[in-house]
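See below for the structure under consideration.
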Amino acid sequence: MSTSSSTITTIGRTSTTGSHTSSRTSTRSVTTASSSSSPIATPYPAKRGLTYRNVTTLQFYPPPSPYISWSYNYYSLPNASDDVGIYPSSQYRFIPLLYNDADSLTSIWAANVNFSIANYGTDAIFGFNEPDANFNGQSANMPVAQSIQGYHNFMQPFAGRVKIGAPAVTNAGGGLTYLAQFLGNATQQNLTMDFLNIHWYASPYNIDYFESYLAQAYNLSVSYSPAGAAPLPIWVTEFGMDQDFYDQPTTAQFLKNATRFMDAQTWVERYAWFGNFPGGYTAFGTPTTNMLLNVDGSARSVLGDVWYSYNGTN
């Protein structure tokens, strides 16, 4: 495997978030493998996840899979109210998500997470979906202080039982700034974070941007890691295309490049494409060319085939 050694440097800064002030500079060398590298050596890391709405769509990814190990559906149980079917408990780990801090979600959160831990292999939980953004009401849209309070009330009680992810932030402009402010406050209040959670959308011609954005997120993790502690790994729980005019072969090549890159980085722990939906499904305005299923949802699409079986060899 050809590798390139890149240095991720945290710029010395003074940041104030609440009453937390920190100023430090750290430089650590991270070995990264280019997306054009030769194939990943076996055993292949099963970092891929499935972002789904209807639980029956998981049938198109029969286990065992050397590449897929988990799933989530933006809810705290694997069968949301509009789902059809029963979650296959022996298939992929289910990761509950607390979308925002609405009473209708928080009132059932603890019970649902406990049930998922007992029945669905849950080993991590997600908190707050895109609190840094407001995309036509389809994001959490929460100030940092509100997110911190929500983590204290609803996420921290599970510390030590499952991994706790930081809020999922976007690449829309202020996502990493929001995350930095959140981490500063979380450090001050001794909240537990086990990984960072990011989303990314752009064009299939922007693989360099994709790789550099992930490196920026990891750089942020490095800067907020206590002295002597390992930086928090990155989970990419949504990534995809930002427009609908890219053809599937072009998007599929981007997907191959992106998965090859992420599988080569030890600091990328898990990732999920958006999403495992029928090709005619435009969730939150997401282009139909992003989808892992065909138009009527009866089989995997070209992208779905890549997701299920791509082994990094071309």
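The values are calculated or read from the model by the stated rules, or taken from the named source; none is laboratory data. A quick note: this is a predicted structure, and the numbers were derived from the prediction, not measured. No Cβ is skipped: glycine too gets one built from the backbone with ideal geometry, and neighbour counts run over all protein chains shown.
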Any chance residue 190 is among the polar types (S, T, N, Q), surrounded by fewer than 17 Cβ atoms within 10 Å (Cβ to Cβ), over 26 Å from residue 239 (Cα atoms) and modelled with pLDDT of 95 or more: yes
Counted residues, the range 141-156 - those being part of a loop (DSSP other than H, G, I, E, B) and closer than 21 Å to residue 111 by Cβ: 0
Elements of type helices (runs of 4 or more DSSP H) in the range 204-314, at least 1 residues being touching an Asp or Glu at 6+ places or on another chain (Cβ under 7 Å): 248-264
Search result, residues across the range 134-160 that are in contact with a strand residue (DSSP E or B) (Cβ under 8 Å, 6 or more places away or on another chain) and at pLDDT below 95: 139, 140
Among the residues listed as 294, 311, the single one being surrounded by fewer than 18 Cβ atoms within 10 Å (Cβ to Cβ) and touching a residue at least 60 places away in the same chain (Cβ under 8 Å): 311
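Kindly indicate the residue of the range 110-140 that is assigned to a helix (DSSP H, G or I) and either among the hydroxyl-bearing types (Ser, Thr, Tyr) or within 20 Å of the chain's Cα centre (by Cα) (or both) and also farthest from residue 69 (Cα to Cα) among those meeting that condition.
113
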Residues satisfying the stated conditions in the range 124-165, i.e. surrounded by fewer than 22 Cβ atoms within 10 Å (Cβ to Cβ) and on the phi > 0 side of the Ramachandran plot: 136, 137, 141, 160
Residue within the range 240-257 that is buried (at least 22 other Cβ atoms within 10 Å of the Cβ) and closer than 23 Å to residue 163 by Cβ present: no
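Does residue 36 count as in a loop (DSSP other than H, G, I, E, B), within 23 Å of the chain's Cα centre (by Cα) and modelled with pLDDT of 95 or more? Spell out how you get there, then give the answer.
Numbers: in a loop (DSSP other than H, G, I, E, B): yes; within 23 Å of the chain's Cα centre (by Cα): yes; modelled with pLDDT of 95 or more: no.
No: the conditions fail for residue 36.
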